[in-house]
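The values are calculated or read from the model by the stated rules, or taken from the named source; none is laboratory data. The structure displayed is predicted, hence computed values, not measured ones. For neighbour counting, all protein chains shown are included, and Cβ atoms are generated from backbone atoms with ideal geometry for every residue, glycine included. Side chains included, ligands, DNA and RNA excluded: accessible areas come from the protein's heavy atoms. Shrake-Rupley method; radii C 1.70, N 1.55, O 1.52, S 1.80 Å.
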Amino acid sequence: AKVYDSENFPQFILDKMMVLVQDDSWSIRQIMCEKLVTLSEILSLARFEETVLPEIRELYQDEMLEVRVAIFAATLKLVEILTKEIFVEELLPLVTRVFTTIPNERTLLIAPHMGHLIYNLRDIPVDEATRHSWLIQYKDLSQKLDAEERRMCAFDFMAVCIATGSKNFEAELYPLFLSLLRDEVAEVTATVAAFFHELVAVLQPELTRKLLKDPLFDLLQNPDLTVTRHIINHLSVIVLGFTTQEVTTPSSEKKDDDFFHNLWDQLDKLEEKIRLKPRLQLTFLNELEKFMIYFHHDDILDHIYPVIKSCCHQGIASQQEICCRLLCKCF
């Protein structure tokens, strides 16, 4: 379809695609839902309304739930292509019907798409009650017994957070965030660890310190190495997100800063945990170099120097190189 422009798209190809949309096999109809999005990018708006929109309406009435969910997911991608008027009048009622009528035992099908619904439709003119009902549905899915549903909701958490607004994070999403972070299934917690640096980036430092200090320490203490790897990969971004002022050199004045004081205890334990993981330790050292200037001289000598000494003795060239740079900054 992308070979042709909107004016010259052959009618016979369009006719063939519409036949496939009506295929007896539900799996074919399911696949064609996504293809209709491609068509919407190619056809003129008038031609899309005339040819494709009726098929979309019919797919929402399909007897197979898998097809209805597929057209639901595809429709969310049409927000930026169609006019808001057409989307609200023609498609929004169909979209709402799918996720409000899905059976409890089949919600795994809809879980990957609820975050997309909230994010993609953030600028669509709907009343606050409707928008809030989407958020409630997302929260309900995030508490399902099926760990995969919770993981999918965790994967979309930042999209929901951005759509809801950082100013509403504490009231609307913070309890859910803590629940996902402390989930009994490691994969769910690891998903939270993977986006933690993004959350720090969108919140103000004061709010970050208030709400995310204990969650960060929970993640640093988590025994799962996947969680540890996600946090270490973005450790400098995370730590800098807790800072309230710019500095260029290590401080020579003691500061009463509970966050950085407690952080050293956590980093000491973290370094012990990854000591036998050279690649992870190398990432840790590289990240440490980026934020060590925020610590007091005494803390640097008490905590960083022993780490440098331990890494140098391992005889790994890449680690020794970063250790040399750290030593230069220490003194």
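Helical content of the chain, expressed as a calculated mean residue ellipticity at 222 nm, amounts to -20000 deg cm²/dmol (DSSP H runs of 4 or more residues, -39,500 (n - 2.57) each, divided by residue number, nearest 500).
How much net charge surrounds Arg150 when only other residues with a Cβ under 15 Å from its Cβ are counted (Lys, Arg +1; Asp, Glu -1)? Before the final figure, lay out each step's value.
On the way: positive: Lys139, Lys144, Arg151, Arg182; negative: Asp140, Asp146, Glu148, Glu149, Asp156, Asp183, Glu184, Glu187.
Net of charged neighbours comes to -4.
Going through the cross-link list Lys210/Lys290; Lys213/Lys273; Lys139/Lys167; Lys210/Lys277; Lys167/Lys269; Lys84/Lys139, which pairs have a Cα-Cα distance over 28 Å in this structure? From Lys210/Lys290; Lys213/Lys273; Lys139/Lys167; Lys210/Lys277; Lys167/Lys269; Lys84/Lys139, over 28 Å: Lys210/Lys277; Lys167/Lys269. Site pair Glu66 and Val202 shows an inter-label distance of 3.3 nm when each label is modelled 7 Å from Cα along Cα→Cβ. Treating r as the C-beta distance of Arg279 and Asp127 and R0 as 41 Å, the FRET efficiency rounds to 0.20. Net charge in the neighbourhood of Leu135 (other residues with Cβ under 15 Å of its Cβ; Lys, Arg +1, Asp, Glu -1) is -2. How many nm is it between the label spots at Ser25 and Arg57, if each spot is 7 Å from the Cα in line with the beta carbon? A separation of 2.9 nm, rounded to one decimal place. Average accessible surface for segment 30-177: 45 Å² per residue, computed with a 1.4 Å probe over protein heavy atoms with every protein chain in place.
Across the chain, Cα pairs under 8 Å and at least six residues apart give a relative contact order of 10 percent.
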